[in-house]
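Asker: Can you keep this structure in mind? I'll have questions shortly.
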Amino acid sequence: MDRKEHYNVDNYICFAVCSFSYKEVWLEDIKKDYDNLSLLKESSLQNAFYFHLRRRLGEDFLAENNLKIYPEFKIGGNRADLAVVAIDPNSTEEYLKECVTEVISVIEMKYKGQYAGESNFDNDVLKVLSYIDEKTYDTMYYLAFIREVYFHPDEVTNWISDEQALETRGSLTEMYSYGDRENNHMIWGIKEY
């Protein structure tokens, strides 16, 4: 089913605006922060992403659409690094988490140096795949990985296998960065599944 048919127009606009903003944050803001030596591992990546996303979406857009950006948002037995959710501002629920009406997107981030094993990244991939399997909401999922390892272009593979890509069709985007051995600089890219 086409996302536009499934959601009302306002939800579709929220998904589209958020998706575009994530890509700008990754390809422009996070890249610039990295190049300026402003990121010192995963927690600073998460903080920078939150800051830039909130700035790009703007307070008016967030307020008009009842959107909130939460770090460490609990999904099942896990905590997502960052989630954009819609809330019911008129809810009488005692706990804020119970006011959530829609999880617009979830982002898992990882920033590791050259000596970190692939399992660090694989675990986040499996975590996101588990979110997709449990799907309580129709949500867009993002992986945002910085890996300070240098590769030749023909050695580069994505974190999502072909089989996993089929299972996640239309609901997962990989935002990645790695070192290019030939040009000796970091490559920044996005792959939608």
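Computed from the coordinates by the stated procedures, all read-outs in this text should not be read as laboratory data. Note that the structure is a prediction, hence the values are computed from the model and not measured. Please note: Cβ atoms are built from the backbone with ideal geometry, for glycine as well, and neighbour counts cover all protein chains shown.
Asker: To make sure I understand the rule: partners must be aspartates and glutamates, Cα under 20 Å from the Cα of Lys74, and not fewer than 8 residues away in the same chain. Which ones qualify?
Answerer: Glu42, Asp88, Glu93, Glu94, Glu98, Glu102, Glu108, Asp122, Asp124, Asp133, Glu134, Asp138
Asker: Evaluate the charge dipole of segment 3-144 about its Cα centre and quote only its size in Debye, nearest 20, assuming +1 on the Cβ of each Lys and Arg and -1 on the Cβ of each Asp and Glu. Show your work: numbers first, answer last.
Answerer: Values: 17 positive and 25 negative charges, 82 e Å.
Here the size comes out at about 400 debye.
Asker: Restricting to segment 38-193, compute how many DSSP beta bridges are antiparallel as a %, nearest 5. Don't skip to the end; give the middle numbers.
Answerer: Numbers: 22 of 39 bridges.
In segment 38-193, DSSP labels about 55 percent of beta bridges as antiparallel.
Asker: Now a separate question. Which distance in nm do the two modelled labels at Ser119 and Lys23 give, with both placed 7 Å along the Cα-to-Cβ direction?
Answerer: 3.6
Asker: Then there is this: On a full-extension model of 0.36 nm per residue, what is the gain between Glu59 and Glu42, subtracting their alpha-carbon distance, rounded to one decimal in nm?
Answerer: 3.6 nm
Asker: Right, another one. Please give the net charge around Ser91, taking every other residue with its beta carbon less than 12 angstrom from that of Ser91, where Lys and Arg add +1 and Asp and Glu add -1.
Answerer: On the way: positive: Lys97; negative: Asp88, Glu93, Glu94, Glu98.
Combined, the nearby Lys, Arg, Asp and Glu give -3.
Asker: What is the extension gain from Asn158 to Ile132, computed as 0.36 nm multiplied by their sequence separation minus the C-alpha to C-alpha distance, in nm to one decimal?
Answerer: Values: separation 26, 0.36 × 26 = 9.36 nm, distance 1.83 nm.
So the chain would gain 7.5 nm between Asn158 and Ile132.
Asker: What is the spin-label model distance, in nm, from Tyr12 to Arg169 if the labels are put 7 Å beyond Cα along the C-beta direction?
Answerer: Using points 7 Å along Cα→Cβ, the separation is 2.0 nm.
Asker: For Thr101 and Asn78 in one chain, what is 0.36 nm times their gap in residues minus the Cα-Cα distance, to one decimal in nm?
Answerer: Details: separation 23, 0.36 × 23 = 8.28 nm, distance 1.90 nm.
Fully extending the segment from Thr101 to Asn78 adds 6.4 nm.
Asker: Report the trypsin sites (Lys or Arg not before Pro) located in segment 105-175 that are in a DSSP loop and have at most 10 other Cβ atoms inside 10 Å of their Cβ, or state none.
Answerer: Details: sites: Lys110, Lys112, Lys127, Lys135, Arg147, Arg169; in loops: Lys135, Arg169.
Hits after loop and neighbour filter: Arg169.
Asker: What net charge do the residues around Leu126 carry, taking every other residue with its C-beta under 11 Å from that of Leu126, with Lys and Arg at +1 and Asp and Glu at -1? Provide the component values of the computation, followed by the final result.
Answerer: Details: positive: Lys127; negative: Glu108, Asp122, Asp124, Asp133.
Result for the local shell: -3.
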